[in-house]
Amino acid sequence: MTVSESMSSGYCSLEEEIEDYFFTARENLSRKITKDAPKEEKKTTTQELRQKIENFNKMVQNGLIMKMADDGTYTGFIKVHLNLRHPVTVTGGSQSLSNTMKEVLPNKVAENKTSFFLPLDAVKQLHISSVTTASEVIRGLLQKFQVLDDPQKFALFKQMKRDGQVHFQKLALTEHPLYLRLLAGPETDLLNFVMKENDKGDVQWEAFTVPELQNFLLILDKEEREKVHQVHTKYDTFRQHLQNVLTEATRKPV
């Protein structure tokens, strides 16, 4: 089974708004719930699912509702945070390279393939079906951004908040994220999806070529300059506010 069976094509750059980015799940899905579906989902009847979807849609604030088909499958939206600490390799001509990345990558490298760091905690909104698995979500994201790395290097996690603490739990490749979204409700404070590296090892920098390492330095230098500028702007604004308050205070009679 390929990704295209449950998700049709869709794409946006890393800099586009999340509302503009989605895989369009096919409305007339022919694939039924498989034997490796979660036990809770297999026990849920069509009528119970319909009721859960109705309750879910009543709580939706942004119009991104779930829709149920006659065959018992349904479609809806999830958001996936891309929290990758290691660089990824993409085809150089890929549209998935953001304008920021293209500015710092040499043309001769960008025309073929190169490696770079994805922006931290980029968020992608996906329109998927109830039969879309965690494995297909991972493969679909990598395919749309033309990432050449092995999909097995990545995993999809569900992020939950309990008692003021954040907990992560790795999803099985056969789990259905949309069903988990349905059970948790639309509130992202209760459940988020995060794609991270599947391994816990350090980056093997010696495995990269010299041009790739130079690209990493260029990107890190650019990000450092941007962060420094943000800090200066923040404290300049704060300093100006304090000076205004002091000026007003000195004008008032004691």
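Taken over region 205-254, the criterion of being surrounded by 10 or more Cβ atoms within 10 Å (Cβ to Cβ), outside any helix (DSSP H, G or I) and of a type outside the set (Ser, Thr, Tyr) is satisfied by Phe208 alone.
Set side by side, the residues Lys227, Lys196 differ, and just one is over 30 Å from Asp163 (Cβ atoms), modelled with pLDDT of 85 or more and out of contact with any Gly (no Cβ under 8 Å at 6 or more places or on another chain), which is Lys227. Residue count for region 66-85 satisfying the condition of being assigned to a strand (DSSP E or B) and more than 16 Å from Lys52 (Cα to Cα): 5. Could you say whether any residue in region 38-51 is surrounded by 12 or more Cβ atoms within 10 Å (Cβ to Cβ), at pLDDT below 80, over 30 Å from Leu217 (Cα atoms) and not charged (D, E, K, R)? Yes, that holds for at least one residue. Within region 114-138, being over 19 Å from Arg181 (Cα atoms) and not in a strand (DSSP E or B) holds for Phe117, Leu118, Pro119, Leu120, Asp121.
Within region 140-158, residues that are more than 28 Å from Leu190 (Cβ to Cβ) sit with their Cβ atoms under 6 Å from residues that are of a type in the set (Val, Ile, Thr) and buried (at least 20 other Cβ atoms within 10 Å of the Cβ), at 6+ positions apart or across chains, in these pairs: Gln146/Val90; Val147/Val88; Val147/Val90; Asp149/Val88.
The values are calculated or read from the model by the stated rules, or taken from the named source; none is laboratory data. Note that the coordinates shown come from a computational prediction; the quantities given were computed from them, not determined experimentally. Heads up, the Cβs are rebuilt from the backbone with ideal geometry, glycines too, and the neighbour counts pull from every protein chain shown.
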